[in-house]
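**Student:** Pasting a structure below so you can have a look.
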Amino acid sequence: MYTTELKSGSDGGKKRSKVEIVEDPAKLAAFEARVAADEFIEAKDWMPEAYRKTLVRQISQHAHSEIVGMLPEGNWLRRAPSLKRKAILLAKIQDEAGHGLYLYSAAETLGTPRDEMIEALHSGKAKYSTIFNYPTLTWADIGAIGWLVDGAAIMNQVPLQRTSYGPYARAMVRVCKEESFHQRQGYEIMTVMANGTDAQKRMAQDALNRWWWPSLMMFGPPDDSSPNTERSMRWRIKRDTNDELRQLFVDVTVPQAEYLNLSIPDADLKFNKEKDGYDFGEIDWDEFYAVVRGEGPVAKERIKARTDAWEEGAWVREAAMVHAQKQSKKDAA
Amino acid sequence: MSPQLKNQLYELSVRLGDDALILGQRLCEWCGHAPSTEIDLTLSNLGLDLIGQARHFLTYAGELEGKGRDEDGLAFERDALDFKNCLLVEQPNGDFAQTIARHFLFSTWQLLFLEQLAQTNDETLRAIARKSIKEISYHASISAQWVIRLGDGTPESHDRMMNGLDWMWRFVDELFLVQEGIEDVCENIGLDLSSIENEWRNKVAATLKEATLDLPADRKGIFGGRVGHHSEHLGPLLSEMQSLPRTYNDANW
């Protein structure tokens, strides 16, 4: 799952100065030319400090989103309504853990250790996708997350397979393959529920009502309030603007909802023949920014779950390290 | 096969299916909360294998029962008194060491058991056993590695590993009575369990030695799982697991 770049008021790294670094103009020009020619930048290549910083922030946010994103779905794992659904959901969450690991590794190639990134998540300095700060209330939410949240993630991630930073782009290729499975599985859950009993239909519609707007927010602030977009696009860290991707998502998803006989909770939603796409209502940006600030409905639960797991597991990680040291001493002797 | 033997074969399949299901369900509790993402992945791998095995055993049990119940019918519609898993697998996760103690003791037994099951003349059980052996060899090995890592890690991890084993130890004797009450069918399909207790004790002792852990002292064994008399821990697990299908019994998912 993807998180768009969220400014947190801090770069999440301790060592970097807040003063804008003045880069060597010749190196910068060569870098810009390579990126403009769609070449991949690799870990050992020279890169402007701002490029490195933006990427660490974006990739680590993406990694954190995968890891925190395990929680809302994990909430239904023990209550999955069939053994097949349980196995599919467990495998899906496992994929997310795997995505988290590749992404942390991709971010580590830029020189920030994983523990430092995790610390930034726990302290609230680093952000993760706003979407995971909403609760999963019924089994239909598991369908809605796959359909809408993974669907939005795919819209964001497909272009990132061509992002300029090689390790990130390559991680995205694998992530995208798995996400499209997830999206289909989620839609399949919704299909069964939307064609099921009255109680199931109610859950399906209610899940769409609750997840629709937060899903649109996943694409980040509107282009006119997204100050980094222009530079990130030039550097091929982003390949499409937030609003372009949001529009694409709406255009693809509305017919899918119609097919399920579910209604999108937006009175202003209307097909616009001229632009060959849907017009849709105003997003509640106050809510979005509140969630970015860490004021989402279950933000406290999510961070507490992560910090508890980390702190309660400290003795295990320490024991593994001490044991490995004992082994290598034995092997050396 | 006589109805009585068929009934015992159902019973055997249910015992094995329930072992896998309940332990798989317990491992699901770790998802998203493990000490590291790598461990999270390992525990989900183990859980996925077990849920897969449960589906095979329970599907077969449903066929033998002949009442139209499939894997989900058996998993979600039975009461605690009808669950036949051993008490060991339903024990709470506790800390990571307790989870590892449970997994190590169980999968070491399960591997030896499956190796025997793979040699019986019941085609379905033999096929499930052969497929599961590959998975459970990994379970037995990864859990033994963790016993060693934690036992021979820090003083804290050593103590926690010892406590985990201490919690679980009263339930190990029950593992070796899996055939109790269904001896006829075990004999009929050629399931020979005579050597596995010794092998199990040797393997466990060897791993604990390498882990610098003392073998827990012998104690009175606690039994009952195979006849549906469980610990207090199973009820809440089932209530949670079965809540959706039981609340909406006319729904398909």
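**Student:** Can you sort A:R306, B:R126 by 1.4 Å-probe accessible area, starting with the largest? Display every interim value, and only then the final one.
**Tutor:** Details: A:R306 20, B:R126 70 Å².
Ranked from most to least accessible, the order is B:R126, A:R306.
**Student:** Setting aside same-chain residues fewer than 8 positions from A:K201, which aspartates and glutamates have a Cα under 17 Å from its Cα?
**Tutor:** Within the straight-line limit of under 17 Å, A:K201 reaches these aspartates and glutamates: A:D141, A:E188, A:E258, B:D250.
**Student:** With respect to the cross-link table entries B:K6/B:K84; B:K84/B:K134; A:K127/A:K300; A:K86/A:K127; A:K27/A:K53, which display a Cα-Cα separation exceeding 20 Å?
**Tutor:** Details: B:K6/B:K84 17 Å; B:K84/B:K134 24 Å; A:K127/A:K300 13 Å; A:K86/A:K127 29 Å; A:K27/A:K53 17 Å.
Check vs 20 Å cut-off fails for B:K84/B:K134; A:K86/A:K127.
**Student:** Between A:I41 and residues 5 or more places away or on another chain, which pairs have amide H atoms under 5 Å apart, with H built 1.01 Å from N, and which residues are they?
**Tutor:** When sequence neighbours closer than 5 places are left aside, the close amide H contacts are A:Y165, A:G166.
**Student:** Report the accessible area of A:F31, computed with a 1.4 Å probe over the heavy atoms of all protein chains in place, in Å² rounded to the nearest 10.
**Tutor:** Near enough 10 Å² of accessible area.
**Student:** Oh, and also: At 1.4 Å probe size, with every protein chain present, just tell me what the per residue accessible area of segment B:70-227 comes to in Å².
**Tutor:** Values: 6440 Å² over 158 residues.
Value for segment B:70-227: 41 Å² per residue.
**Student:** Moving on. Once you compute Rg and the Kirkwood Rh from C-alpha atoms, what is the Rg to Rh ratio for segment B:3-247? Walk me through the intermediate numbers first.
**Tutor:** Working: Rg = 17.3 Å, Rh = 18.1 Å.
In segment B:3-247, Rg relative to Rh is 0.95.
**Student:** Can you give me the C-alpha center-to-center distance between segment A:192-262 and segment A:47-76, rounded to a whole angstrom?
**Tutor:** 19
**Student:** Would you work out what percent of the accessible area of segment B:113-253, with all protein chains in place, is carbon or sulfur (probe 1.4 Å)? Don't jump to the answer; show the numbers that get you there.
**Tutor:** Working: 3350 of 7020 Å².
Carbon-and-sulfur percentage of accessible area, whole number: 48.
**Student:** Using only protein heavy atoms and a 1.4 Å probe, how much accessible area in total is buried between A and B, to the nearest 100 Å²?
**Tutor:** Values: alone 16410 and 11950 Å², together 24350 Å².
Heavy-atom accessible area buried at this interface is about 4000 Å².
**Student:** Same structure again: Order A:W285, A:W212, B:W167, most accessible first, counting only protein heavy atoms with a 1.4 angstrom probe. Show your work: numbers first, answer last.
**Tutor:** Working: A:W285 40, A:W212 0, B:W167 90 Å².
Of A:W285, A:W212, B:W167, the descending order of accessible area is B:W167, A:W285, A:W212.
**Student:** Now, a different point. Could you name the lysines whose alpha carbon sits less than 22 Å from that of B:K209, not counting residues in the same chain fewer than 8 places away?
**Tutor:** Here the lysines satisfying the reach criterion relative to B:K209 are A:K326, A:K329, A:K330.
**Student:** Can you list the residues, at least 5 places off or on another chain, whose amide H is less than 5 Å from the amide H of A:G277, using H built in the peptide plane?
**Tutor:** Placed amide hydrogens put A:N272 under 5 Å from A:G277.
**Student:** For segment A:116-188 and segment B:56-89, what is the centre-to-centre distance using only Cα atoms, to the nearest Å?
**Tutor:** Taking the Cα centre of segment B:56-89 as reference, the centre of segment A:116-188 is 36 Å away.
**Student:** With a 1.4 Å probe and all protein chains kept in place, how much accessible area does A:L269 have, in Å² rounded to the nearest 10?
**Tutor:** 40
The values are calculated or read from the model by the stated rules, or taken from the named source; none is laboratory data. Note that the structure is a prediction, hence the values are computed from the model and not measured. Calculation scope for accessible area: heavy atoms of the full protein, side chains included, ligands and nucleic acids excluded. Shrake-Rupley method; radii C 1.70, N 1.55, O 1.52, S 1.80 Å.
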